[in-house]
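Working notes for the structure below.
The values are calculated or read from the model by the stated rules, or taken from the named source; none is laboratory data. Please read these numbers as outputs of a predicted model, since none were measured by experiment. Here the Cβ positions follow ideal geometry from the backbone for every residue, glycine too, while neighbour counts run over all protein chains shown.
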Amino acid sequence: MAIAILSACGGVGTSSVEDTLRQAAESGTPLFGHQDDLMYGHTWNATKENDTDLTRSDVLSVAGSYPYILGLDLGGLEIDSPVNLDGNDFNIMREAAIKHHERGGIVTLSWHLRNPLTGGDSWDVSNAKVVESILPGGELHEKFIGWLDRVSDYIASFKDGNGSQIPVIWRPWHEHTGGWFWWGAANCTVDQYNDLWKMTYNHMVNEKKLEGLLWAVSPNSLPADFESWESRYPGDEYVDIVGLDCYCSTYVPQETALPMFAQDIKRCLGSLKAFADKHGKILALTETGYEALTYEKWWTEVLAPAIEEFPIAYLLVWRNTDEMPRGMTHFYTPWPGGPSESDFVKWVEGGKVRLLK
């Protein structure tokens, strides 16, 4: 049954999710998440096969259970596309969110939206005036409000069998301390970013009356001065979860990449833990992973030791594409017979991370 959230930011229905996240953090057993887990895997694709049963999962096939957290992305919804930027049918995505909730899981939503000024994608940073153009008074403000309306209406359509709003973790404007997205630190001022977040919150919550959102802010790791991200924090009343996006590099030799990843995770999560404790927020590892899993003991020897001292509520690894030949290298969890399968099972069975039982 939906009850009122204890936090100032969430809405009806989110208190049970917040409780679950806080309990996971306190127990030292984070919830495991996988992007697009029910939508496609290494050898299958629900959209291409018009599969609305949504029972398949690479994580389920390997470890016997679904991931606790299901990540989905809304990129493309703003331009009224029938599929998102990775080809997922939005109607099937809605069903995936509902089914995952009904199984007892938690859904987290990100938004790799188009560039409203140039028409390019999220990674189009050819113009540094995009955020300025969509804020109140900007030339594209009304256009962008229409985009927010579409996203809000779509999330509002996530209803359970009783017609109640399904709670979700909402993670807009992510990796904002980097320069690769048009809303990143290299492309807008501190005030512009914070105003963008507040505008998004106020429209979705106060204007659209959208319930059931837990708002997650997620800076990316930085090689130095990580704490500088705190200037791009809209305020405690607008945020429920403080997370980190940090991947193991595939652009340097593995013997360098693995210890560098562990060092980055510990340094950044240590800083975020202090911030989360001070501000009463939930701590999470909102995106992570090692593309292609070329180190067979990645889970037990690299990831697990890197996070074990931090009370994170959940961690989410990225997707396993079925698109070949890219699918031979672009994956972040094992599949039956794939790399690191036995090590992943060993990690799960060790009781230091939770799948959906």
Restricting attention to region 154-181, the residues that are closer than 16 Å to Met93 by Cβ, buried (at least 20 other Cβ atoms within 10 Å of the Cβ) and hydroxyl-bearing (Ser, Thr, Tyr) number exactly 0
Search region 51-64 for residues that are modelled with pLDDT under 95 and pair each with any residue that is surrounded by fewer than 19 Cβ atoms within 10 Å (Cβ to Cβ) when their beta-carbon atoms are under 6 Å apart and the residues are at least 6 apart or on different chains. none
Looking at (1) over 21 Å from the mean Cα position of the chain (by Cα); (2) closer than 24 Å to Ile155 by Cα, can you tell me which one Ser61 breaks? (2)
Could you identify the single residue in Glu287, Glu301, Glu309, Glu291 that is over 21 Å from Ser218 (Cα atoms) and charged (D, E, K, R)? Glu301
Exactly one condition in (1) assigned to a strand (DSSP E or B); (2) over 18 Å from the mean Cα position of the chain (by Cα); (3) not aliphatic (A, V, I, L, M) is false for Gly243; which is it? (2)
Go through region 65-78 and give me each residue that's crowded, with 20+ Cβ neighbours inside 10 Å and touching a residue at least 60 places away in the same chain (Cβ under 8 Å). Tyr66, Pro67, Tyr68, Ile69, Gly71, Leu74, Leu77, Glu78
Residue among Thr321, Thr333, Thr300, Thr329 that alone is touching a Phe, Trp or Tyr at 6+ places or on another chain (Cβ under 6 Å) and among the polar types (S, T, N, Q): Thr300
Checked region 39-71 for anything in a helix (DSSP H, G or I) and either farther than 26 Å from Thr29 by Cβ or β-branched (Val, Ile, Thr) (or both); matches are Val59, Val62
Just wondering, is there one or more residues in region 223-230 that are within 17 Å of Thr288 (Cα to Cα) and either buried (at least 23 other Cβ atoms within 10 Å of the Cβ) or of a type in the set (S, T, N, Q) (or both)? no
Taking Thr256, is it among the β-branched types (Val, Ile, Thr), out of contact with any helix residue (DSSP H, G or I) (no Cβ under 6 Å at 6 or more places or on another chain) and surrounded by fewer than 20 Cβ atoms within 10 Å (Cβ to Cβ)? yes
Of residues in region 90-123 being in a strand (DSSP E or B) and touching an Asp or Glu at 6+ places or on another chain (Cβ under 9 Å), the one surrounded by the most Cβ atoms within 10 Å (Cβ to Cβ): Ser110
Output the residues belonging to region 195-233 that are touching a residue at least 24 places away in the same chain (Cβ under 8 Å) and of a type in the set (A, V, I, L, M). Leu196, Met199, Met204, Val205, Leu210, Leu213, Leu214, Ala216, Val217, Leu222
For region 260-278, which residues satisfy the criterion of being surrounded by 14 or more Cβ atoms within 10 Å (Cβ to Cβ) and either within 20 Å of the chain's Cα centre (by Cα) or within 13 Å of Tyr233 (Cβ to Cβ) (or both)? Phe261, Asp264, Ile265, Lys266, Cys268, Leu269, Ser271, Leu272, Lys273, Phe275, Ala276
Could you say whether any residue in region 181-194 is charged (D, E, K, R) and touching a residue at least 40 places away in the same chain (Cβ under 8 Å)? no
